[in-house]
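To start, the structure under review is shown below, and the notes come after it.
The values are calculated or read from the model by the stated rules, or taken from the named source; none is laboratory data. Given the structure is predicted, the values throughout are model-derived calculations rather than measurements. Here the Cβ positions follow ideal geometry from the backbone for every residue, glycine too, while neighbour counts run over all protein chains shown.
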Amino acid sequence: MGEKKYRICQNCGTTNLNRDYCKKCGELININLKRRLQREQSAVEKKASIEKRPKNRITVFFEKATKNENPLIRLTAKFFYSIWVIIIAIGSFLAFIIGYVAA
């Protein structure tokens, strides 16, 4: 048979056997479930706060330019965006090397 788990509700003081929610008041009493739900809620809030941040002007410019109807503008924007990504990658690599050597 299963393991018996007695949990005492912090809200009303009722002892519950093998339950996640209190049978009297409905309060969540399983601490592991409560922590998991809190982690999921904080992850959703963090994702929402990241999405609310304003985008960089360069990123907005390239997003608009790559969706332009004119193929010449679209290809030019993609070309310069590729160069931009390469420059950022090289800069990040150099920063990593400098930080690694300094430590």
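Please go through region 66-76 and give me each residue that is modelled with pLDDT of 90 or more and part of a helix (DSSP H, G or I), ordered by number. Answer for region 66-76, where residues must be modelled with pLDDT of 90 or more and part of a helix (DSSP H, G or I): Pro71, Leu72, Ile73, Arg74, Leu75, Thr76. Checked against (1) surrounded by fewer than 11 Cβ atoms within 10 Å (Cβ to Cβ); (2) at pLDDT 90 or above; (3) of a type in the set (A, V, I, L, M); (4) farther than 30 Å from Lys5 by Cα, Ala43 meets all criteria but (4). Looking across Leu33, Leu28, Leu17, one residue alone is surrounded by 10 or more Cβ atoms within 10 Å (Cβ to Cβ) and over 22 Å from the mean Cα position of the chain (by Cα). It is Leu28. Of the residues making up region 1-59, those that are farther than 30 Å from Tyr81 by Cα, assigned to a helix (DSSP H, G or I) and charged (D, E, K, R) are Lys34, Arg35, Arg36, Arg39, Glu40, Glu45.
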